[in-house]
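The values are calculated or read from the model by the stated rules, or taken from the named source; none is laboratory data. Just so we're clear, the structure is a prediction, and the values are computed from it rather than from any experiment. Quick reminder, even Gly has a Cβ in these numbers, built from the backbone with ideal geometry, and neighbours come from all protein chains shown. Accessible surface is based on the protein model in full, side chains and every heavy atom, while ligands, DNA and RNA are left aside. Shrake-Rupley method; radii C 1.70, N 1.55, O 1.52, S 1.80 Å.
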Amino acid sequence: MLRFIVRRVLQAVPTLFGLSILLFIWVRSLPGGPAYALLPENATAEQRDALRRAMGLDDPVIVQYGAFLGRLAQGDLGESLQTGRPVLTEFAMKFPATVELAVMAMLIAVAVGVPLGYVAARRRGGPLDALVVGGSLVGICTPVFFLAFVLKLLLAEQMGIFPSAFRQTPGIDATRITGLFVVDGIATREWDAAWDALMHLVLPGLALSSIPLAVIVRMTRAGVIEVLGEDYVRTAEAKGLHRRTVRGRHVLRNAMLPVVTAIGLLSGSLLAGAVLTESVFAFGGIGQFIYSATQTRDYPVLLGFILIIAAIYVAINLLVDISYSLLDPRVRVS
Amino acid sequence: MFKRRNGRLIAPAAAAAALALVAAGCAQSDRDTGGDPNETQPLIFAGTGDPRSLDPALANDGETFRVTRQVMETLLVHESGGSEIQGGLAESWEQSEDGTEWTFHLREGVTFHDGEPLNAEAVCANFDRWFNFTGDYQSSNQTYYWQNVFGGFAENEDEDLPESIYESCTAEDELTPVITLTESSASFPGGFTLSSFGIMSPASIEAVADQEVGGEEGAPVLPEYSQQAGDIAGTGPYTYGEWDHDAQEVTLERNDDYWGEPASVKTVIIKTISEESARRQALEAGDVHGYDLVAPADVEPLKEAGFQVPQRDVFNVLYMAYNQEASEELEDPDVRKALAHAVDRQRIVDTILPEGGQVATQFIPDTVEGWSSDVATYDHDPDRAKELLEEAGQEDLTIDFCYPTEVTRPYMPAPKDIFDIIQADLKEAGVTVEADSKPWDEYIPHTDSGNCSLYLLGWTGDFNEAYNFLGTWFASYDSAWGFRDDEVFEAMEAVASEPDPEARVALYEDANETIMDYLPGLPISHSPPSIVFSPDVNPPNASPLTQERFQEASFK
Amino acid sequence: MAARTERIDRLAELTAARREEAEGRGVWREAFARMSRNPMAITGAAVVAVFIVVAVLGDLIAPYGPTEQNWGDEVFPNRNVFVGPRAENWLGLDNLGRDQFSRMVIGARQTLMVGVVAAGLGFTAGALLGGLSGAAHTLGGATGRRVDAVLMRFVDMMLALPALLLAVSIAALLGQGLVTVMVAVGTAQVPIFARLLRGAMIAQGGRDYVLAARALGARRRRIALAHILPNSMGPILVQLTLSLATAIIDAAALSYLGLGNPDPSVPEWGTMLADAQRFLSGAPQLAVYPALAIIVTALGFTLMGEALRESLDPRLRK
């Protein structure tokens, strides 16, 4: 087991290293450059050139990459050109927003998706099944930003149930500890603040959950159908075991294995894939920041953020593999 | 990494405050209405991006200045809601005949937020601080506006930096600082209104003196004091309350000892919503009380829904540049005129720009001094355009035309739509257009280095001085325009060498006429960027320079 | 010599033939038979058929040119004056006075092109990568496994970047344009295809008929191409159908972020939807038409893919 884990960790190192090289070359070959994005229209060519030189962008790429690696070894990812703050600080400021959003979306997806998938499988071929399967397909096929707009239009503007933007009502008196506003609110017993932050999470969470929800519905459904066909379930039912026992102990538990894997993998992509949702809801997470960094050619942010995300992604994959191999010894062999 | 602040429950705090009011037996009516909203409710305004720094000297963007302007005041200002230059911290000012000595008479009795008095020494301490910036502070990204109007620094560290035209600042008496320049410049007096030159208290200057722009070479980190409230003091109607980076909001608190009319609203919060439609939806859902840069298409629906859209006067220009080096056909004045006649600029104003937009007759708006009513005009006339092209032997002209994507500028709300209309107009005149588009950050270098024959660009004035518009374009050869015309260059030289601002006005008018006779490009329109407020707010005066003062706002 | 190899191959085929009849070609025939009875598949196929007909015959169907601003004097987006459906313009006018119906019809072609080329690109590159990797793993011995490991690290790198971020990166690098959208969306699909095909091939590699062929000394390339590959195509063919849907949606997302095809003379649904966001409060229909078109088309491809997957998947057969 330990050897398996060590091997997987060692495999991740070259992946990330290769990625850093690819990213570096990619980022530096973007046309334009911060010298152009950061200055007003009428800045002179001399001013732009001077800025490029000052930023060390005139050095050969290999020299720049060396400098980057040198700093990286000391845990320094450089500073954002947009904001002038260290990349790590920016990440630490923006990441909690994204985590909160991803967790919310995943909670919605699991809480709604697993029961729906189970019911659909039990009533396979019936109208309810068709509705659930059809609904999940529509969910996958709707562009997230459009869904977000419709949700905002209906639930925020027309009906006024949920707030339409931000992570918390501006000016609310709240203590910041972790940067996860809901957690902070609960930890400090500022129930107003926690509730407020939670309400702000609902609409973006719903929008972001559409794809994981659809995936979880279908995986649960497929898993349950498969397990229902297995001999041991038939045996259990034939034995006259109580239906609830069969459902809980045999069917769901066995059908959940692939779903758990999917949850892990989906979480990884949610952490970074919220670019659209975050910008529609002015949520201020990492996705939105990376996108604006591509617009302003904020090299350090692009490199740093994507590397960190990739590392998190790889780590989640690793955890999924490890937990999977714990649950299912057959995986370890191959 | 995360700031802690003393958390309190809102409800008990508010209850306690209300009790205290009742116990004191004051504010009878407040008991019924639940208190004066100006005192209890924050005014929330959405900007389009995070501010960069609380020290305006280290910024060059409107989002930062929107915040700093409320706190750090300048010697001169533009009048509220207009573009006239008037006294700010200085009640009046005068200049020497050769334009190198500027004497300011400061207001009496102004104190900084930290209690220090405003005097000539304080002003000079600020100017000397900027002049003596070293290291990364000399990067044009950090101190753009200082370099723009004063050139370089006391000791330039980059040989490409120009010699500074700032010589010294001396205190003639307690309230009379005198700023001496090495030569006159058309950037003054307008330059003294720039938000970057907001005056900071001498104690703050001392306190932050040892903080530098840090970080590695090529990756400057802004000093800590510019990233958190509380380290620097100005004289403005608001003080910095807090900058919550996590929530992307800056809180401003009223300065009750303000020298002028104090602000009505106690707390102003400036939030960031980068997405255009998200700003609108936040306003409609009641999450913010106002926002800037309203999409023109949203203005009418918002008005119908009861929101207030005060109209700003125009202070910008959108133009279609002709680059004569990119296409030699454009060297023929008839071709330039033909293209001008082909474009239906009125339709762009009528269908794309917000209310108050105007067709441009020249490269400056009429709110800037030096605007001429006698320039040559080029009306929409497709037949005339065809005729001129025929005479020039260019009936089958094919030309490339660039426009930017992923961007709206105050002078250019929908670049692609504007491009589409012009493209259709040119087609009607028999000109074939090859479309070329670039995202904004690539667009400027692309057009600057002469890759586009025709392209859309514009400028919003920093202050009321025509040179701020015309100077960068037409004073000498520029690869973005690709022409050399002595008449135009001489007309600009005549303005630049005139130290007297009043005398410059007539010279600007001449220059505008010369430019429009030559037609280096086609000025298209002046467009007022829209700002919106919710119905329960008395909005501040809408400023053509987008320099709204939140002290003028209040809740109804 | 040649005669001998042929004999070996023939033997391998004969050994595998029985299985293939049961699991290979037979499976496909059976799958299509099952699909033709599946309402999901029929609906999907009908939607896709209509879409393709419109895309191909767009010029004949569209009553006006998609870029002609014929009614430019009737629409004032800045004053919230729009023109809705009427006799001469079935879907009304867009913000520049162009016929919305014609734009929708012509737009179908661009959307189809983006979808097909992007999915095809992802499929080809992914299948190449995955096929190589899978073949090396199953048949290449120790060296092969090393080759496989290197290739998979590369795929992992691509997987470590979220698809949209990868697409945004590529769009930023190549500049804007139709080709960029296709390459960006296609590239984001590559790792999925690669992983799927490799997985299927490795699974097939352990099957009896492959072992039999190897025991009989058949050439590796032949085993890979003639035996393993055809039997491993199922999952990635399903994925190809699904990818068409994803590609159309991803392309719309890129357009929304302002990275779509910038040429205004070529209408495309994603760009139309993104452009219409500005007029959502005054003229929501301008956004609704392309949004519905995207959703329905993507749904059509997805239904077909899902039906195909279900009919191929032995576990899900009734």
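Structural remarks
- Criterion (within 14 Å of chain A (Cβ to nearest Cβ) and without any contact (Cβ under 8 Å) to a residue 24 or more places away in the chain) met by exactly one of B:Asp61, B:Asp55: B:Asp61
- Close pairs from segment C:76-101: first more than 9 Å from chain B (Cβ to nearest Cβ), partner basic (Lys, Arg) and buried (at least 19 other Cβ atoms within 10 Å of the Cβ), Cβ under 9 Å, at least 6 apart: C:Leu91/C:Arg103; C:Asp94/C:Arg103
- Selection status of B:Thr193, surrounded by fewer than 17 Cβ atoms within 10 Å (Cβ to Cβ), in contact (Cβ under 8 Å) with a residue 12 or more places away in the chain, of a type in the set (Val, Ile, Thr) and away from chain A (no Cβ under 14 Å): no
- Residue under evaluation C:Thr67, criteria (1) open to solvent by less than 30 Å² (accessible area, probe 1.4 Å); (2) part of a loop (DSSP other than H, G, I, E, B), criterion not met: (1)
- Filter pass, B:Gln281 being at positive phi and within 14 Å of chain A (Cβ to nearest Cβ): no
- Only one of the numbered conditions (1) among the small types (Gly, Ala, Ser); (2) open to solvent by 10 Å² or more (accessible area, probe 1.4 Å); (3) at pLDDT 95 or above is violated by B:Ser525, and that is (2).
- Subset of segment C:257-269 (residues that are at negative phi and at the interface with another protein chain (Cβ under 8 Å from one of its Cβ atoms)): C:Leu257, C:Leu259, C:Pro262, C:Asp263, C:Pro264, C:Ser265
- When restricted to residues that are open to solvent by less than 30 Å² (accessible area, probe 1.4 Å) and either modelled with pLDDT of 85 or more or closer than 30 Å to B:Ser83 by Cβ (or both), segment B:196-222 contains 9.
- Within segment B:252-278, the only residue that satisfies the criterion of being over 30 Å from B:Ala414 (Cβ atoms) and facing another protein chain (nearest Cβ under 7 Å) is B:Thr267.
- Segment B:441-556 holds strands (runs of 3 or more DSSP E) entirely within its bounds, and those carrying 1 or more residues that are over 25 Å from B:Tyr378 (Cα atoms) map to B:530-533.
- When A:Ala120, A:Ala97, A:Ala165 are screened for being more than 10 Å from chain B (Cβ to nearest Cβ), crowded, with 23+ Cβ neighbours inside 10 Å and touching a residue at least 40 places away in the same chain (Cβ under 8 Å), only A:Ala120 passes.
- The condition (being away from chain A (no Cβ under 13 Å), open to solvent by less than 40 Å² (accessible area, probe 1.4 Å), closer than 27 Å to B:Arg504 by Cβ and part of a loop (DSSP other than H, G, I, E, B)) is satisfied by just one residue among B:Ser168, B:Ser185: B:Ser185.
- Selection status of B:Ile348, of a type in the set (Val, Ile, Thr) and over 22 Å from the mean Cα position of the chain (by Cα): yes
- Scan of segment B:395-405 for residues that are touching a helix residue (DSSP H, G or I) at 6+ places or on another chain (Cβ under 8 Å), surrounded by fewer than 20 Cβ atoms within 10 Å (Cβ to Cβ) and not β-branched (Val, Ile, Thr), ordered by number: B:Glu395
- Some residue of segment A:78-98 being of a type in the set (A, V, I, L, M) and farther than 29 Å from B:Leu54 by Cβ: no
- Residue among C:Ala213, C:Ala200, C:Ala127, C:Ala160 that is modelled with pLDDT of 80 or more, open to solvent by less than 10 Å² (accessible area, probe 1.4 Å) and of a type outside the set (Val, Ile, Thr): C:Ala213
- Scope segment B:409-430; condition touching a helix residue (DSSP H, G or I) at 6+ places or on another chain (Cβ under 7 Å), on the phi < 0 side of the Ramachandran plot and more than 9 Å from chain C (Cβ to nearest Cβ); matching residues: B:Met412, B:Ile418, B:Asp425, B:Leu426, B:Glu428, B:Ala429
- Scanning segment A:179-204 for residues that are outside any helix (DSSP H, G or I), more than 7 Å from chain B (Cβ to nearest Cβ) and closer than 14 Å to B:Asp246 by Cβ yields a single hit, A:Leu180.
- Matching residues, segment B:118-132, being free of Cβ contacts under 8 Å to residues at least 24 places away in the same chain and open to solvent by less than 20 Å² (accessible area, probe 1.4 Å): none
- Some residue of segment B:367-383 being more than 26 Å from B:Leu293 (Cα to Cα), within 30 Å of the chain's Cα centre (by Cα), buried (at least 17 other Cβ atoms within 10 Å of the Cβ) and aliphatic (A, V, I, L, M): yes
- Matching residues, segment B:297-318, being within 14 Å of chain C (Cβ to nearest Cβ), in a loop (DSSP other than H, G, I, E, B) and either free of Cβ contacts under 8 Å to residues at least 24 places away in the same chain or under 23 Å from the mean Cα position of the chain (by Cα) (or both): B:Ala305, B:Val309, B:Gln311
To keep it simple, each residue is scored yes or no on (1) under 30 Å from C:Arg98 (Cα atoms); (2) crowded, with 21+ Cβ neighbours inside 10 Å; (3) more than 20 Å from the chain's Cα centre (by Cα).
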{"residue": "C:Ala224", "(1), (2), (3)": "no, yes, yes"}
{"residue": "C:His227", "(1), (2), (3)": "no, yes, yes"}
{"residue": "C:Ile236", "(1), (2), (3)": "no, yes, no"}
{"residue": "C:Ala252", "(1), (2), (3)": "yes, yes, no"}
{"residue": "C:Val266", "(1), (2), (3)": "yes, no, yes"}
{"residue": "C:Ser281", "(1), (2), (3)": "yes, yes, yes"}
{"residue": "C:Leu292", "(1), (2), (3)": "yes, no, no"}
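- Checking each residue in segment B:284-296 for being at the interface with another protein chain (Cβ under 7 Å from one of its Cβ atoms) and open to solvent by less than 10 Å² (accessible area, probe 1.4 Å) picks out only B:Ala295.
- In segment B:228-241, residue nearest to the other protein chains (Cβ to nearest Cβ) [restricted to those that are farther than 12 Å from B:Val67 by Cβ and open to solvent by 20 Å² or more (accessible area, probe 1.4 Å)]: B:Gln228
- Every test in (1) buried (at least 20 other Cβ atoms within 10 Å of the Cβ); (2) assigned to a loop (DSSP other than H, G, I, E, B) is passed by B:Ala321 save one, and that test is (2).
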